[in-house]
Amino acid sequence: VKILAIESSCDETSAAVVVNGREVLSNVIYSQIDIHTLYGGVVPEIASRKHIEKITQVIRQALKEAGCTLDDIDAVAVTYGPGLVGALLVGVGAAKAIAFAKNIPLVGVHHIEGHIAANYIENRDLEPPFMCLVVSGGHTHLVKVVDYGKFEILGVTRDDAAGEAFDKVARAIGLGYPGGPKIDRKAKEGNPDAIEFPRAKVAESVYDFSFSGLKSAVLNYINQAHMRNEYINEADVAASFQKAVTEVLTEHAVAAAKEFKMDKIAIAGGVASNSALRASMKTACEKAGLKLYHPSPILCTDNAAMIGAAGYYEYINGTRHGWDLNAIPNLKLGER
Ligand code: ATP
Ligand code: MG
Ligand code: FE
């Protein structure tokens, strides 16, 4: 089954051709990061306009690199939520037009289901059930992947997402947008034990997360140093913050895998490319006898190949959407 997949939920315009959910023939990603960097974050209206400008070009390029035409495509998969409504609508509109013109099935895909499915692409042996830690710009979910397209959410963030915390702290120490990769790089020169930042626990729920307290602690630390005219070691702040985040993420993921008797853990989303998180997960999983999976960095952040992987399993499970498919900005994982 050859799927044309389209992703436009935030600031990447992407199209891919994926065979049977795991073999990527092409994965073209046009990132708008350079444009949004000027404003220190994603500007929704600009994102929508850029998607409109780029979508056709990106789809054409994906077909060309895959060595096929629309006549070879069996179904179109597209992200229809969650994300920015104007951005999502561009991908959904393009997907509907192609599916309608070619009279082939249209399969709407949940963006986070895509992030999780990114793990299937380079790990051909990975099959559910497994535990998945989803850490992206807008989500922090601890998910039990029961089967393809079947999820149980064990924990969520009560406030900021992990990636959001990275982005806000990066802005505070003047590293710019997007913050995650910049903190990752800066932290390599710093001492992760230099500053003791809080590891927030959520009292009522063992698997929930909270990062706003940590973010505030970092901001307070910086403000106080400024007030006292003290020098701030940015690398130490970055490394210590990163350690506080990755420690909590790792502890929760491994504890959940043990409780639910899973022998595999996958990590997904933009923050899954963080080198400290990968290292701490690797150590903890080895110690606990768990097998660890993660996509390569380009498949961790937004891309259409992951939507093609998730879309294939949805297609196999019989998911079909009509011409009334709409963008759903706050779509919940597991909802249709
Ligand atoms: P969502 O998927 O929740 O809708 P999104 O699509 O904006 O949000 P992703 O594309 O999955 O998020 O990931 C982007 C996020 O990942 C940003 O917050 C970015 O700072 C973070 N990120 C990317 N690389 C790294 C890294 N090496 N270390 C930490 N964070 C990173
Ligand atoms: Mg993005
Ligand atoms: Fe994403």
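Worth a mention:
- The residues in region 21-40 that are assigned to a loop (DSSP other than H, G, I, E, B) and surrounded by fewer than 15 Cβ atoms within 10 Å (Cβ to Cβ) can be counted, and the count is 3.
- Candidate set: region 1-20, residues that are surrounded by fewer than 24 Cβ atoms within 10 Å (Cβ to Cβ) and assigned to a strand (DSSP E or B); chosen: the one nearest to ligand 2 (Cβ to nearest atom): GLU12
- Restricting region 155-174 to residues that are part of a loop (DSSP other than H, G, I, E, B) and not hydrophobic (A, V, I, L, M, F, W, C), the residue that is farthest from ligand 2 (Cβ to nearest atom): ARG158
- All positions within region 78-125 that are of a type in the set (D, E, K, R) and surrounded by fewer than 24 Cβ atoms within 10 Å (Cβ to Cβ): LYS96, LYS102, GLU122, ARG124, ASP125
- Residues of region 105-141 satisfying the condition of being part of a loop (DSSP other than H, G, I, E, B) and in contact with a helix residue (DSSP H, G or I) (Cβ under 8 Å, 6 or more places away or on another chain): PRO105, LEU126, SER136, GLY137, GLY138, HIS139
- Residue in region 18-27 that is at pLDDT 95 or above, more than 23 Å from GLY334 (Cα to Cα) and within 15 Å of ligand 3 (Cβ to nearest atom) present: yes
- Filter result for ASN119 (more than 16 Å from ligand 3 (Cβ to nearest atom), touching a strand residue (DSSP E or B) at 6+ places or on another chain (Cβ under 8 Å) and in contact (Cβ under 8 Å) with a residue 12 or more places away in the chain): no
- Hits in region 248-268 - residues which are over 18 Å from ALA161 (Cβ atoms) and of a type outside the set (Gly, Ala, Ser): VAL254, LYS258, GLU259, PHE260, LYS261, MET262, ASP263, LYS264, ILE265
The values are calculated or read from the model by the stated rules, or taken from the named source; none is laboratory data. Since the model is a prediction, treat every value here as computed from it, not as a measurement. No Cβ is skipped: glycine too gets one built from the backbone with ideal geometry, and neighbour counts run over all protein chains shown.
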